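The values are calculated or read from the model by the stated rules, or taken from the named source; none is laboratory data. Because the structure is predicted, anything quoted here is derived from the model rather than measured. All Cβ positions, glycine included, derive from the backbone under ideal geometry; neighbour counts span all protein chains shown.
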Amino acid sequence: MKYVNILEEELKNKIAQDFFGKFDCTKILGKIDFAVKVKRPENAIDFDDEYLLWAEAKQKSTDVIAMLTQLVLTIGKARTFDEILPPPFLGCYDKEKIAFVPYSDIQDIFYKNDFNWKIAPSDTETREFKQVYAQIEKIVNDRPWETYIFDFEKDEKELNRFICDNFVAGKSEITKTKIDKNNFIIIYNKWLEAEEYWGYITDRRDLLVPQDVRERKGSFYTPQIWVELSQKYLADVFGEDWQDEYYVWDCAAGTGNLLAGLTNKYNIWASTLDKTDVDVMKDRIHNGANLLEDHVFQFDFLNDDFAKLPQDLQDIINDPKLRKKLIVYINPPYAEAGSKTSIENKAGVANSNKVTEKYRTNLGKASNELFAQFLMRIYFEIPNCRIANFSKLKILQSANFMDFRKYFQPKLEKIFLVPADTFDNVKGQFPIGFFIWNNVKKEKFEKIDADVFDRNGNNIEKKLIYCGNTSINDWIFEVLDEKNKIGHLSCRGSNDFQGQNSVFINSHLITTSDRKNRRYRGTLNIDANNLIKTCVFFAVRRCIPATWLNDRDQFLYPKDSWKIDDEFQNDCLVYTLFHSCNNISAKSGVNHWIPFSEKEVDARAKFKSHFMQSFIGGKIIQNRYSNLFEQEEETFFKKREFSPEAQAVFEAGKNLWHYYHKQLKCNVNASLYDIRENFQGRNDKGRMNAKSADETYNELIGNLRSELKILAKKIEPKVYEYGFLKE
């Protein structure tokens, strides 16, 4: 243990010296144990304190939630945040560990009504302490990826890296401070001092609408960089003088930022659901926005009749010739029923409007998506118009949009893709596209080359976007015999890269009763007859890393040519055997997945199953045996041959197994999963740790992972060659 037999004050000094040396940790901030702030530059005249961390400190090993609870009660009792801008992180530490949680995750606790903040923060028996403890525990459990816990000894490098990456002066994206009447003056003065932010704050008046309300409605601010790019693409498609020759209606305008940069205000209409947004747009007009007041109006596009539209816009929609010159230019809402970001997280939220009732058959499963509802009404009720919209790529590729695509068939003229997390409040790693549709021409979507831009607006590559008729899941579930089962394959997620984490193997064998359980839909048992096909499926789905750009790429029903490529099949077999998502465990029954003989790994006793050795050795032939576990060895068999890359994986795996079997308490029948668990252990949340205290093991597992990556790169070209993916 790094800090043993020292007092709490000495511990504070040690932590400050060892990890926060380049910051100022000397400030005593009320009764907060430990505060980290940016150092004052030499000769600085005007310098305001910028805190990066407020933390609770304990000398003895203490529960993280309890320490955070005491810190919150201390801060709330003193109302520290009313006088000083809070830091990005709250934290706590004892002699063993340190933890950080974003202040923005916790801050709502400080605004609780009918709460007694006068109690002693250290009294763990009070009703208030238990109430706050339960709230913080829920926050930590609901957002485990935002809670950072480091062991001072085991995680020293990771801790230093975390501090280096996140404790940066002015890194404001982490800190989201709630403004109220008490801290308004402090924040307003900060704004006055930074002249350079005035324009940004004025432009972002949409933020005056609370974030939870915007998320529930699916309203996401369109960054100006993509607004400008979309208008360039509109000019490319419709010509340099498009703003004079076409009419523009943004029917999901929000506060109108998508229309910024357009010049012909007489040809622009903007409508939005909320009266407050209309007021913001009209206020912008008074301050120079290039819009007409009479062209800005409140309109519920998913419920209101077009008879409520301004007469001049009605005239365009009702005239077949003028309608061809109308561009519906929108960034429609992205909220869906069951969305994790939505307050009303329940099925049917997105279905409670007239458009969904009218077009339910046409929408199919896409009826849960608000943006799909917008597009369906535009397509059918403003025929022959042009559509220019931002949306997710599921409109082109998702299986849930199959019915939608049968009916929504305007010709897709052009598209560009950008990272989704460049949009306001979007955290996912997936692409958002800008689509330009020609509703005059009808064309079933099959494929298109999209321009790809990075977050800085650089055009980096072309990307093929395609829609497949049959999926890889159709292929894997073709034949289900399931005799002599040795494991279970999960492929419950979507047929694209976003469903990659749902692809794994474990020891559970699916029963007839299991199949009635929704949890086991999209799963199958593995036996000798489908083992190779299962391994091909697993390797194809796992060998290519998921990125924001390939996130929606669909895995397809392949060509038959994979069947005669023995080397490819064997590469996939080896990749599956040694992958970290092969969760077969000897704790769950007989382990049939040991790829070595006892002699090869110097085992202490005989294995309970030699199935995988026999399969690799060619002694088990698909579709030949009724009982694979009791067969006798035949005189004729063909041993599987492996590529150099697969052999390297085997060798790295054998070294790991051999080292494990030297351990005194080893389980002779252990799987790779069991070996990893033995050396890496689990944290207090039950998750397997990322590494072990045993450096020899770390080196061996590191070698195995490196060789597996090389094998994955070898498999990757075949994924495209055999049609599992298109490029």
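Summary of values
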{"quantity": "Count - residues of segment 415-436 that are part of a helix (DSSP H, G or I) and closer than 20 Å to residue 251 by Cβ", "calculated": "0"}
{"quantity": "Failed condition for residue 611, given (1) surrounded by 22 or more Cβ atoms within 10 Å (Cβ to Cβ); (2) closer than 30 Å to residue 430 by Cβ; (3) of a type in the set (Phe, Trp, Tyr)", "calculated": "(2)"}
{"quantity": "Index of the failed condition, residue 36 passing every other in (1) at positive phi; (2) at pLDDT 90 or above", "calculated": "(1)"}
{"quantity": "Any hit, segment 115-128, residues being in a helix (DSSP H, G or I) and not small (Gly, Ala, Ser)", "calculated": "yes"}
{"quantity": "Matching entry among 526, 460 (being among the hydrophobic types (A, V, I, L, M, F, W, C) and in the same structural domain as residue 566 (by TED's automatic domain parsing))", "calculated": "526"}
{"quantity": "Enumeration of residues in segment 678-712 that are under 27 Å from residue 145 (Cα atoms) and among the polar types (S, T, N, Q)", "calculated": "678, 680, 683, 689, 692, 698, 706"}
{"quantity": "Scope segment 502-523; condition at pLDDT 90 or above and either under 20 Å from residue 399 (Cβ atoms) or touching a Gly at 6+ places or on another chain (Cβ under 9 Å) (or both); matching residues", "calculated": "502, 503, 505, 506, 507"}
{"quantity": "Any chance residue 104 is at pLDDT 90 or above and either surrounded by fewer than 20 Cβ atoms within 10 Å (Cβ to Cβ) or assigned to a loop (DSSP other than H, G, I, E, B) (or both)", "calculated": "no"}
{"quantity": "Test result for residue 380, buried (at least 21 other Cβ atoms within 10 Å of the Cβ), at pLDDT 95 or above and of a type in the set (Phe, Trp, Tyr)", "calculated": "no"}
{"quantity": "Lone qualifier among 571, 566, 551 - being modelled with pLDDT under 95, assigned by TED's automatic domain parsing to the domain that holds residue 483 and not small (Gly, Ala, Ser)", "calculated": "551"}
{"quantity": "Unique match (being among the β-branched types (Val, Ile, Thr), within 24 Å of residue 620 (Cβ to Cβ), touching a residue at least 40 places away in the same chain (Cβ under 8 Å) and part of a strand (DSSP E or B)) among 532, 505", "calculated": "505"}
{"quantity": "Complete set of residues in segment 381-414 that are in contact with a strand residue (DSSP E or B) (Cβ under 7 Å, 6 or more places away or on another chain), part of a loop (DSSP other than H, G, I, E, B) and farther than 16 Å from residue 550 by Cα", "calculated": "382, 383, 384, 385, 409"}
{"quantity": "Of the criteria (1) without any contact (Cβ under 8 Å) to a residue 60 or more places away in the chain; (2) surrounded by fewer than 18 Cβ atoms within 10 Å (Cβ to Cβ), which one residue 675 fails", "calculated": "(2)"}
{"quantity": "Residue in segment 619-628 that is loosely packed, with under 14 Cβ neighbours inside 10 Å, closer than 21 Å to residue 583 by Cβ and either at pLDDT below 95 or assigned by TED's automatic domain parsing to the domain that holds residue 449 (or both) present", "calculated": "no"}
{"quantity": "When residues of segment 512-529 are limited to those that are part of a loop (DSSP other than H, G, I, E, B) and of a type outside the set (S, T, N, Q), the one surrounded by the most Cβ atoms within 10 Å (Cβ to Cβ)", "calculated": "528"}
{"quantity": "Sole exception among (1) closer than 30 Å to residue 419 by Cα; (2) of a type outside the set (A, V, I, L, M, F, W, C); (3) surrounded by 15 or more Cβ atoms within 10 Å (Cβ to Cβ) for residue 595, by number", "calculated": "(1)"}
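Here's the yes/no breakdown for (1) modelled with pLDDT under 55; (2) of a type in the set (S, T, N, Q); (3) in the same structural domain as residue 313 (by TED's automatic domain parsing):
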{"position": "210", "(1), (2), (3)": "yes, no, no"}
{"position": "231", "(1), (2), (3)": "no, yes, yes"}
{"position": "234", "(1), (2), (3)": "no, no, yes"}
{"position": "239", "(1), (2), (3)": "no, no, yes"}
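Every residue, every condition in (1) within 22 Å of residue 677 (Cβ to Cβ); (2) in the same structural domain as residue 666 (by TED's automatic domain parsing); (3) of a type in the set (Val, Ile, Thr), yes or no:
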| site | (1), (2), (3) |
| --- | --- |
| 580 | yes, yes, no |
| 583 | yes, yes, no |
| 601 | yes, yes, yes |
| 614 | no, yes, no |
